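Attaching a single structure in structure tokens format; questions to follow.
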Amino acid sequence: MVKIKTVYVCSNCGNDSPKWLGKCPICGEWNTYVEESINTSAAKNKASDIFDSVKAKPLKIKEVVAGEDPRIDLQDEELNRVLGGGLVPGSLVLLGGEPGIGKSTLILQTVLNLKKIKTLYISGEESSRQLKMRADRINANNEDCYILCETNLEQIFVSIKNLQPDFVVIDSIQTIFTENIESSPGSVSQVRECAASILKFAKETSTPVILIGHINKEGSIAGPKVLEHIVDAVLQFDGDQHYMYRILRSIKNRFGSTAELGIYEMRQNGLREVSNPSELLLTQNHEGLSGVAIAAAIEGIRPFLIETQALVSTAAYGTPQRSATGFDIRRMNMLLAVLEKRAGFKLIQKDVFLNIAGGLRVNDPGMDLSVLSAVLSSNLDIAVERNVCMTGEVGLSGEIRPVNRIEQRILEAEKLGFNRILIPRNNLKGFTAKTNIEIIEVRKVEEAFRQLFG
Ligand code: TYD
Ligand code: MG
């Protein structure tokens, strides 16, 4: 007999309850409970049971042979690096991102460039003709790449069993459904159940699987948080629709660091890896323009030089306007207050607009000094010399605090042809490399301003 049970599931954390709740007792979110029906009697034949489960027996940890798993080289340096050195066999990776950012393009492109690896690309969103058109656009072809347009999980497992692929991609997890659950595709219980079956398949057959997932309005990966707990790695593909740069970050990675970052450029014929981001971010010739300062920043563990632009004008209304793109506005307000105290900048009379070039969002505290310099440069209408860059965190009393990875920042600035770099004092301990770039150590913002503006 088919028994249908109704439960209420929190769409934020996946907690379920027999009755509707206004506030989730687990994650504290309001209005997140949605009604879902589950078919309890059929739940026994799970789709993943097609694969004979290996009965595991407990082992002593010292008996386990660790042996570095040979990772699969994805022929894409950025993706390999973000994954921590390639794809681990049997791992389940979730790739999230806003619609239209290029998730399908990235994965299809990667799959088409893989040689001698039988891949199965399952699309629940596009038809095979659309996929072929996209492949033609990327201008890649591959003998070993199979495409399946299917949304039924049981059918997908049958195809996988017949084809025996080495690598599986599912685009997207929100379109897949299992017959065991009554609710519609994309609902919390469907997503959770499908992901769990796919995880079982990945672990038992050692086949790596990439799941593509959507992002909801709040910017987190749609479906329950449990999805993030199930998978081995969560990658997020970000970028501003109006810019061509795309950033691949890792939010969680059981097999590598989450500090890694990959940068791509969206072209007419697919995504291009950007191995030297500074060159892209510094193309404009800003000679003689005020309000521009170059920061030697670190994002993840990669150094790059990035343009900070500011515009300061007289406030037309009673309340001055503050706006920051790519930078935390509260941090900017704090920096402006430091500027008021140290450089006689009259906060109340000025509108301040700040922009980090290229649509990047940088969280490095080392950006502080360049933000202050750009604002002051615009306020004084004196340009910062073109061959100077800077790095340093600014404290509340105007002191410049040390930053991490200073060597990398200096070497990157030198590589890109800068003549001078302003860095925090006492940051250089133990740095011995011989450089041609002039290093100026500053202790307070006043000293930095004297260096820059005389
Ligand atoms: P897509 O991969 O479909 O995004 P997602 O799967 O994340 O929803 O990317 C679609 C966008 O990328 C679309 O706006 C067109 C653009 N695009 C290019 O600019 N160049 C290309 O070569 C391709 C394939 C897409
Ligand atoms: Mg897509």
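Out of all the residues in the stretch 131-167, which are closer than 20 Å to LEU94 by Cβ and within 16 Å of ligand 2 (Cβ to nearest atom)? Don't jump to the end; show me each part of the working.
Within the stretch 131-167, the first condition is being closer than 20 Å to LEU94 by Cβ, and the residues that meet it are 148, 150-151, 153, 156-157, 160, 165-167.
If the condition is that a residue be closer than 20 Å to LEU94 by Cβ and within 16 Å of ligand 2 (Cβ to nearest atom), then LEU148, GLU150, THR151 are the ones that fit.
Condition first: open to solvent by 10 Å² or more (accessible area, probe 1.4 Å) and near ligand 2 (Cβ under 10 Å from one of its atoms). Now tell me which residues in the stretch 103-123 satisfy that.
Across the stretch 103-123, the qualifying residues are LYS103, SER104, THR105.
How many residues does the stretch 124-140 hold that are surrounded by fewer than 20 Cβ atoms within 10 Å (Cβ to Cβ) and either farther than 20 Å from ILE176 by Cα or modelled with pLDDT of 95 or more (or both)?
Total meeting the criteria: 8.
Now for a separate question. Being surrounded by fewer than 17 Cβ atoms within 10 Å (Cβ to Cβ), on the phi > 0 side of the Ramachandran plot and assigned by TED's automatic domain parsing to the domain that holds LYS346 narrows it down to one residue among ASN404, ASN426, ASN387; which is it? Spell out how you get there, then give the answer.
Working: ASN404 fails: on the phi > 0 side of the Ramachandran plot; ASN387 fails: on the phi > 0 side of the Ramachandran plot.
After applying the criteria, what remains is ASN426.
Sticking with this one: Going by the structure shown, is GLY213 part of a strand (DSSP E or B), within 16 Å of ligand 1 (Cβ to nearest atom) and not aliphatic (A, V, I, L, M)?
On the way: part of a strand (DSSP E or B): yes; within 16 Å of ligand 1 (Cβ to nearest atom): yes; not aliphatic (A, V, I, L, M): yes.
So GLY213 passes the test.
Turning to a different aspect of this structure: Against the definition (assigned by TED's automatic domain parsing to the domain that holds LEU108 and either buried (at least 19 other Cβ atoms within 10 Å of the Cβ) or more than 16 Å from ligand 1 (Cβ to nearest atom) (or both)), how does SER206 come out, yes or no?
Details: assigned by TED's automatic domain parsing to the domain that holds LEU108: yes; either buried (at least 19 other Cβ atoms within 10 Å of the Cβ) or more than 16 Å from ligand 1 (Cβ to nearest atom) (or both): yes.
When the stated conditions are applied, SER206 passes them.
If GLY219 satisfies all but one of (1) open to solvent by 30 Å² or more (accessible area, probe 1.4 Å); (2) small (Gly, Ala, Ser); (3) modelled with pLDDT of 90 or more, what's the number of the condition it fails?
So the condition that GLY219 fails would be (3).
Sticking with this structure for a sec: When you scan the stretch 76-102, how many residues do you find that are touching a Ser or Thr at 6+ places or on another chain (Cβ under 7 Å) and part of a loop (DSSP other than H, G, I, E, B)?
4
Has the stretch 89-100 got at least one residue that is touching a strand residue (DSSP E or B) at 6+ places or on another chain (Cβ under 7 Å), within 13 Å of ligand 2 (Cβ to nearest atom) and open to solvent by 10 Å² or more (accessible area, probe 1.4 Å)?
yes
Out of ALA66, ALA47, report the one residue that is hydrophobic (A, V, I, L, M, F, W, C), at pLDDT below 90 and open to solvent by 40 Å² or more (accessible area, probe 1.4 Å). Steps first, please.
Details: ALA47 fails: open to solvent by 40 Å² or more (accessible area, probe 1.4 Å).
The unique qualifying residue is ALA66.
Among the helices (runs of 4 or more DSSP H) confined wholly to the stretch 103-188, which include 3 or more residues that are touching a residue at least 60 places away in the same chain (Cβ under 8 Å)? Walk me through it before giving the result.
Numbers: elements: 103-113, 128-138, 153-163.
Here the list reads 103-113, 153-163.
Taking only pairs six or more apart or across chains, which ones have beta-carbon atoms under 7 Å, a first residue in the stretch 407-428 that is assigned to a helix (DSSP H, G or I), and a second residue that is among the hydroxyl-bearing types (Ser, Thr, Tyr)?
ARG409/THR391; ILE410/THR435; GLU412/SER278; GLU414/THR435
For the stretch 224-254, which positions are outside any strand (DSSP E or B) and within 16 Å of ligand 2 (Cβ to nearest atom)? Give the steps one after another, and end with the answer.
To start, the set of residues in the stretch 224-254 that are outside any strand (DSSP E or B) comprises 224-232, 239-244, 254.
Hits for the stretch 224-254 are GLY239, GLN241.
The values are calculated or read from the model by the stated rules, or taken from the named source; none is laboratory data. Given the structure is predicted, the values throughout are model-derived calculations rather than measurements. Cβ sites come from the backbone with ideal geometry, for glycine too, and all protein chains shown count toward neighbours. For the accessible areas, the whole protein counts, side chains as well, though only heavy atoms, and no ligand, DNA or RNA atoms are used. Shrake-Rupley method; radii C 1.70, N 1.55, O 1.52, S 1.80 Å.
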